[in-house]
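The values are calculated or read from the model by the stated rules, or taken from the named source; none is laboratory data. Treat the numbers as computed from the prediction; the structure is a model and nothing was measured. Virtual Cβ from ideal backbone geometry, glycine too; neighbours counted across all protein chains shown. Ligands, DNA and RNA are stripped out before the accessible areas are found, and what is left, the full protein with its side chains, is counted by its heavy atoms. Shrake-Rupley method; radii C 1.70, N 1.55, O 1.52, S 1.80 Å.
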Amino acid sequence: MDGSLNQSCLALQNSVNLLQGTLERLKEQGKHSKRLTTTLLQSKRVFELLSEYDLQRARLDLIEDVEPVVDKLCNKLEKSLNKLERERSTLQQTYELNQLRLNNRFGSGGGRVSKIQKYPVVMGTSTNEELERLRELKSRKEALEYQIQELKGQQMDSY
């Protein structure tokens, strides 16, 4: 039994010496190759095991750090969008009122200036429903003016 144990120890010692010699040769030859020394002779730790608790804690920390910033940015964006929507609505109303002014001045005269309005249109905060009602009333006014012109034409023809 002593003999086999001694033989095993000698075999193991020979293996260690052989590996030591191999490492020394690799180091000598590896001086010329940077890649060889960094990849083969240097050990790297690629994976690290984490406990589930550490992983959940990191997620919660991330949520606590990121979520307030995201909420703040969302609020700023919402305020900006509301402001731009109000501005767009105001510009749309201004455009429509200016269009009505132009139609009232130059619309029925065939390019010549009709009588100037006694009551100028004043820009205010109007809703889309109010502007739609204004358009309806304007078209009704034009229809009534046309009927009046027809009636005047019929009266002239009867004389």
- Go over the candidates Leu55, Leu100, Leu50, Leu26 one by one and state the one that is out of contact with any Leu (no Cβ under 8 Å at 6 or more places or on another chain), part of a helix (DSSP H, G or I) and modelled with pLDDT under 90. Leu55
- Message: Quick check on this structure: which one of Glu145, Glu129 is surrounded by fewer than 12 Cβ atoms within 10 Å (Cβ to Cβ), among the charged types (D, E, K, R) and at pLDDT 85 or above?
- Response: Glu145
- Message: Condition check: open to solvent by 100 Å² or more (accessible area, probe 1.4 Å), modelled with pLDDT of 80 or more and not β-branched (Val, Ile, Thr). Does Arg135 satisfy that?
- Response: no
- Message: Just to be sure I understand, how many residues within the range 69-88 are of a type in the set (Lys, Arg) and either in contact with a His (Cβ under 8 Å, 6 or more places away or on another chain) or over 20 Å from Thr127 (Cα atoms) (or both)?
- Response: 3
